[in-house]
Structures are given as C-alpha cells and as structure tokens.
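What follows is one structure encoded as structure tokens, with my remarks underneath.
The values are calculated or read from the model by the stated rules, or taken from the named source; none is laboratory data. Remember, it's a predicted structure, so these values are computed and weren't measured experimentally. For neighbour counting, all protein chains shown are included, and Cβ atoms are generated from backbone atoms with ideal geometry for every residue, glycine included.
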Amino acid sequence: MSGIAEDIIKRYDQLESERGTWESHWSEIAERVLPRYANTIQTPLGGLTKGEKRTSKMLDSTAALGLERFAAAMESMLTPRNQKWHRLRASNPELMKDHDVKLWFEDSTNRLFKYRYSPRANYSSQQHEVYMGLGAFGTGIMFVDSHDLGGLHYAAMELREVLFDMSHQGLVDTSYRKYSLTARQMQQRVDVGRWDSIPDVVKTSLKDQPDKKFEIIHCVRPRIEIERGRVDARSKQFASYYVSVQGREVLSEGGYDTFPYQVSRYVTGPGEIYGRSPAMLALPAIKVLNEQKKTMLKQGHRVVDPVLLTHDDGILDNFSLKPGAMNPGGISAEGRRLVDVLPTGNIAAGQELMDMERQVVNDAFLVSLFQILIETPAMTATEVLERAREKGALLSPTMGRQQSEMLGPMIERELDLLGKQGLLLPLPPLLAEAEGEFDIEYDSPLSRSQRSEEAAGWLRTLEAAIAYANTTQDLSVLDQFDTDVIYQQLAEINAVPPSWMRAPDGVQQIRQERAQAQQTQQMIEAAPAAAGVMKALN
C-alpha cells in the first residue's frame, strides 16, 4: 500500500503545482468579491488566523452584493427549496403507461426531496455555498454521501482543498482533497472503524500532542481493474483512498459506485479544467470601481470639510473653524473675503462614472436580468411571458450546464445511496427488466421560463384571431383552440399549484349543471309564448 500512497501524494503535488496561476487569480477575486475567503486560498492548511479582518481591499460592495444576488438567482431558478424542481421518469416512454412504474417514480421523487431537504442533510445551505463559489471562482464542488444516521449528507468543499482531473471524454472523474485532522481525531476514525490504522508518527503524538494536526489526502479515482462478483470495494467503479501525508501511508481503501464529488463549472476556457466566473469577467470593472470609490471618498471629504485658502499676511495664523468662532482679518475693509475655498472636482461626473462600472458588474452577475420584471411591473400578460421567455433564453446556456454537469450526477448519486440503504421501494417488474433506466425531467422556474415561448406564441395567435373575428364577425376561427388543454399547460408554465385547479371530473360537472340551468331558463322564458300559442289553438 505504500506504493499507492507515494503515487497519490506525487500526483497531488503535480496537480497542485499546475494550479498555482489559478490560485493567485482566485485570491485576487476573494479580496474584492468574497472577503471571507481572502487570505485563505494560498494559505497552507492550518495556517489561517481565525477572526482576522479580510475587507481591506474591498472599498465598494457592489460586486459582493452582486455575488449574493447571483447565488440567490441561481437557487431560485434551478433548485428552489419551496417546490419540487425535478421529476423522475422511465427512459422508455412506453413504461410510463404502466401504473406501477408511474407510482414508483412518483414515490422515488418524493423520497428524494424528503431526504435531500431533511434538516440533518444540510442541502440548502451547502448548495448556496456552491453557487457562491460558482459566481466568484467559476467552480463549485459538492460532496454527497450517506449520513451516519441514515439518509443523505451534503458538504460544499473549499476550492483550495480539492484538486480534480478529467477523463478523455471531458468529465470530472478524479479528485484529490487535502485537509487536516488532529492526532486525536485520526484515532477516533480508527475507533469507529472508518480507517484501518494510523502511522506511527501520529501514534507518537497522541501521548504528548493530541491536538497536533496532520495532513490527509482523500483520493477518488476510476478503478483500473474492477473485479466483478466481489462484495468489497474492489467491485466498485471508483476507488477511494485516505492517505496520511506524514508517514506516507494508506489509512484505508474503499470504493464508490457513483462519483461522490459533484463539480460544477460556470464556463471553461480551451484546454482548462477549472471554470471561469462572472467575477473574473467583471474583475477590471471591480478594480476600477474600487479606485473610483477611493477618489470619491477623498473628494467628498474635501467638499464636506473644504481646504481653505488664506492671504499670507500673518493676520490669519490663528484662524478658527469652530462653530460661532470670530476670525478678525478674514475680510477686508472693502468687504472682500480674504479666505476662500479651494475648488473641488465634479462629484456628479465621478458618480456617473461609478454608475457605469456598477452596471457592468451587475450585468456580469445577472442582477440586471432579474430586475427587468421588478422595474416594469405594469405589463400585460403577453409582455410578462415575453420577458420570461427572453430571460429563459439568456439563462439557458449558463444554467443548463449546471443541470447536466452538477444536478444530474448528483441525483444519480442520491438514488444510488438511498437504494443501498433500502430507502427506496423495490423496482416494479417491468422497470427491473429494463434495469431501472430513468430520465430526469426538470421542472424548475428556469425550465418553465424556457417554455414561456409556447405561452407567448399562443397569446399572440389568440390576439390575431380575436382581431380577425371582430373584423369579419366570423367566430369560427376560435374553434381551432382546445382551451382545456391550453389552460392546463398555461397553469403549469405559470407555476399554478395543482390544488388550485379543478379536476376534469369537477369541470365536467360544472358544465353540465350550467347547461342544465341554461336549458331550464330557456324553458321558463319560452313558457309565456307557448301558453299563448296553445290558447290561440283552443
């Protein structure tokens, strides 16, 4: 096993040296956009000073606030915690015609959300951290594993801790996470059976220095030779090794059927593994904005507490600026002031320049895009759908990548973990025969925004049809619309809760009662005329 430890440590050092340029870039961004990460990226493990001030290089908070809004927007559009933002369905549409298959996917979807949003799973807060890292550094990492008490557990990884590599297909399939534990904590891992042993150097520290920290590398990589039929880790698709850097020993070997680290990139450059972020795109504007803020603070200080110009005659040496002070000699016998204010620059021009840079920063963090509907509330339904369609089209490339690169693999990982814990129902026979193949159908606000084009198209068509009917008095053009289907789809696109909509049977009953009432009313109205006819005949 020592050979494996040496190989893992050597590979980690190689990947770490290749990432040096990225780390300096991340540090520069952290100082100006995410100050709680300032001074942490390039600091060795265990070398952080807790509680230190980290905002010395952030004079303007536009970028920091923009990042918070970016993370909130990503959550609201992709993974809103107050609704089910995806569903599971069989890959083969024919299987969804089977009632048992439909019930299994519905139940599995409900269980996923139940365990994902369980208080001990900690998903919501960790997903927010991933979105923050995505907006600031272009890369967010989530570790998904089973909870010690059952269910799921999520942990957002610090970018400085994790190195990763990709397969020939461009998929992240290898990770190296370096972190530190005390000697006492390492022994506890052995006591609960998580690790096989600890190095002698750690055992020595347990006696006199139990709180001394040691570096650990957790390596997850594809297993070269999978031994089918075994029941241990060697049958798993991914090999997992915990290695102690001090002592250079493998602490334990395990495995995973699904990759536990979900890595999300905002966008990537040619040949680059790590992502590029909105903060990187806006970094020049962020720097300029900070310098402009510094200048405006100086200029504002001069305006509020101006520089005075006095005549050099010795009379005003003891000039006082206290309220109510008397300063003899400050004015000549002719009434001309001998003290004047040094002219300052144009603060309005400086403010305009700052607003220009703020607009660039807000555009980069998508803040401007999400303010469209707020700033123009007086819109028709068609205009609202058009704006939603435009928003969906603009966000689709960015957020669609998160669905394919992060959320899809995460859902597969969750199902794998819940299935191994026996927290899912057994597969129905038809689905088991199909080897449980499934698709993920996203039902987030982003997905509905992308479908807004359908609704906007129908409203435009309806307006044209009504205009034609009014002009020609020919209402037959409206017969082409199946309004029952249309309004069901519109309700879904506009996120109307199903409980607000009547079931088809209830709608049909109301229509029958209305038709019967109209028929009765017609009979009542026709009764006098019918009586008159009968009287005349008699």
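Conditions tested, residue by residue: (1) surrounded by fewer than 19 Cβ atoms within 10 Å (Cβ to Cβ); (2) more than 15 Å from the chain's Cα centre (by Cα).
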{"residue": "S108", "(1), (2)": "no, yes"}
{"residue": "R116", "(1), (2)": "no, yes"}
{"residue": "P119", "(1), (2)": "yes, yes"}
{"residue": "S125", "(1), (2)": "yes, no"}
{"residue": "V130", "(1), (2)": "no, no"}
{"residue": "A136", "(1), (2)": "no, no"}
{"residue": "G140", "(1), (2)": "no, no"}
{"residue": "L159", "(1), (2)": "no, yes"}
{"residue": "D165", "(1), (2)": "yes, yes"}
Give the residues of region 264-295 that are touching a Phe, Trp or Tyr at 6+ places or on another chain (Cβ under 6 Å) and either at pLDDT below 90 or not in a helix (DSSP H, G or I) (or both), sorted by residue number.
Y274, G275, S277
Out of V384, V304, V339, V361, which single residue is modelled with pLDDT under 85, in contact with a Ser or Thr (Cβ under 8 Å, 6 or more places away or on another chain) and of a type in the set (V, I, T)?
V339
Report, by residue number, each residue of region 450-469 that is at pLDDT below 80 and out of contact with any Ser or Thr (no Cβ under 8 Å at 6 or more places or on another chain).
R451, S452, E453, E454, A455, G457, W458
Might you let me know whether region 52-60 holds any residue that is part of a helix (DSSP H, G or I) and touching a helix residue (DSSP H, G or I) at 6+ places or on another chain (Cβ under 6 Å)?
no
What is the one condition in (1) modelled with pLDDT of 90 or more; (2) in a helix (DSSP H, G or I) that K298 does not satisfy?
(1)
Any chance I493 is at pLDDT below 80 and among the β-branched types (V, I, T)
yes
I'd like to check which strands (runs of 3 or more DSSP E) are fully inside region 125-224 and have at least 3 residues that are at pLDDT 90 or above and farther than 27 Å from G20 by Cβ.
139-146, 152-156
Across (1) without any contact (Cβ under 8 Å) to a residue 24 or more places away in the chain; (2) in the same structural domain as E249 (by TED's automatic domain parsing), R32 clears everything bar (1)
Scan of region 71-99 for residues that are out of contact with any helix residue (DSSP H, G or I) (no Cβ under 7 Å at 6 or more places or on another chain) and part of a helix (DSSP H, G or I), ordered by number
A72, P93, E94, K97, H99
Looking at V485, V477, V507, which one is touching a Phe, Trp or Tyr at 6+ places or on another chain (Cβ under 6 Å) and at pLDDT 75 or above?
V477
